[in-house]
Amino acid sequence: MSDSVVPNGGLRPNGRAAANKANAQKSTGPRTEAGKQRSKLNALRHGLTGQTIVLPSEDLAAYQRHSQAFLDEYQPKGANETQLVQSLLDTAWQVNRAAAIETNLFTLGITEMEDRVRANHPDAETALAMALAYREHNRAFANIGIARQRLSRQYERTLEQLRQIQAERQKNEERQLDNAAMILKMHNDENAPYNPTEDGFVFSKAEIETYMGREERRQRANRHDLHPHA
């Protein structure tokens, strides 16, 4: 089907698609070195504020190791805890990225400015080049700082929420285990089989027995502390 013109002079949808494709083919991106550097900075800024977590330039395997470390530490249960841990680890990844961007921006600036600074000592030249880089890119540094503060606050809020939810869940599990242990002990005393799911417990019989053994050892330890020489 060929492109056609609608009465108001605009292109029909298939005409717009063709025009967009033609314009994209004409665009070659930034041509100058300064334009390329600005494009890189834009990509990094979008990496801090956008939805993409792992950028094409980043190591996916490193992100996966980072993720596993958080999962191992917090061991989420259920969709809610899992979502909070995912948010936590993604925010931490972005905070680390912001720090790396800031360092890389300084390095880039020093490289760009080193020929504009003359001093009697290499360290002095580096310090002056860094100051000049900061002055030249002060808006970029300010944006990075704002992003880091926002991400850090988000991280703290998510961590606090996760801790509260896990504390409530663990307290509820403790109550449920205590109840299940009493029922299991009654069945054991009566030499009767017991299936915890019949009473709505999500724990297996082995998990309840592990809890009973731990509680028994804890009570023995308490008695030992009260009567160490008995």
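May I ask you to list the residues in region 121-149 that are of a type in the set (Lys, Arg) and assigned to a loop (DSSP other than H, G, I, E, B)?
Result: no residue meets the conditions.
Return the residues of region 162-219 that are within 29 Å of Leu88 (Cα to Cα), open to solvent by 70 Å² or more (accessible area, probe 1.4 Å) and among the charged types (D, E, K, R); say none if nothing qualifies.
Listed by number, the residues that qualify are Arg163, Glu168, Lys171, Glu174, Arg175.
Look at region 71-100 and say how many of its residues are free of Cβ contacts under 8 Å to residues at least 60 places away in the same chain and within 9 Å of the chain's Cα centre (by Cα).
5
Quickly run through region 58-70 and pick out the residues that are over 14 Å from the mean Cα position of the chain (by Cα) and part of a helix (DSSP H, G or I).
Ala61
What number of residues within region 137-161 satisfy the criterion of being in contact (Cβ under 8 Å) with a residue 24 or more places away in the chain, more than 15 Å from the chain's Cα centre (by Cα) and open to solvent by 30 Å² or more (accessible area, probe 1.4 Å)?
Counting residues in region 137-161 that are in contact (Cβ under 8 Å) with a residue 24 or more places away in the chain, more than 15 Å from the chain's Cα centre (by Cα) and open to solvent by 30 Å² or more (accessible area, probe 1.4 Å) gives 2.
Would you mind stating whether Ile165 is within 30 Å of Asn96 (Cα to Cα), modelled with pLDDT under 90 and β-branched (Val, Ile, Thr)?
No: the conditions fail for Ile165.
Between residues in region 208-227 that are closer than 15 Å to Leu177 by Cβ and modelled with pLDDT of 85 or more and residues that are assigned to a helix (DSSP H, G or I) and open to solvent by less than 50 Å² (accessible area, probe 1.4 Å), which pairs lie under 6 Å by C-beta distance while being six or more apart or on different chains?
Listed by first residue and then by second, the contacts come to Ile208/Ala180; Ile208/Ala181; Ile208/Leu184; Tyr211/Leu177; Tyr211/Ala181; Met212/Ala181.
Just for region 164-222: of the residues that are β-branched (Val, Ile, Thr) and not in a loop (DSSP other than H, G, I, E, B), which one is nearest to the chain's Cα centre (by Cα)?
Among them, the one singled out is Ile165.
The values are calculated or read from the model by the stated rules, or taken from the named source; none is laboratory data. If you're wondering where the values come from, they're calculated on a predicted model, not measured in any experiment. All Cβ positions, even for glycine, are placed from backbone atoms using ideal geometry, and neighbour counts span all protein chains on display. In case anyone asks, the SASA skips ligands and DNA or RNA and just uses the protein heavy atoms, side chains included. Shrake-Rupley method; radii C 1.70, N 1.55, O 1.52, S 1.80 Å.
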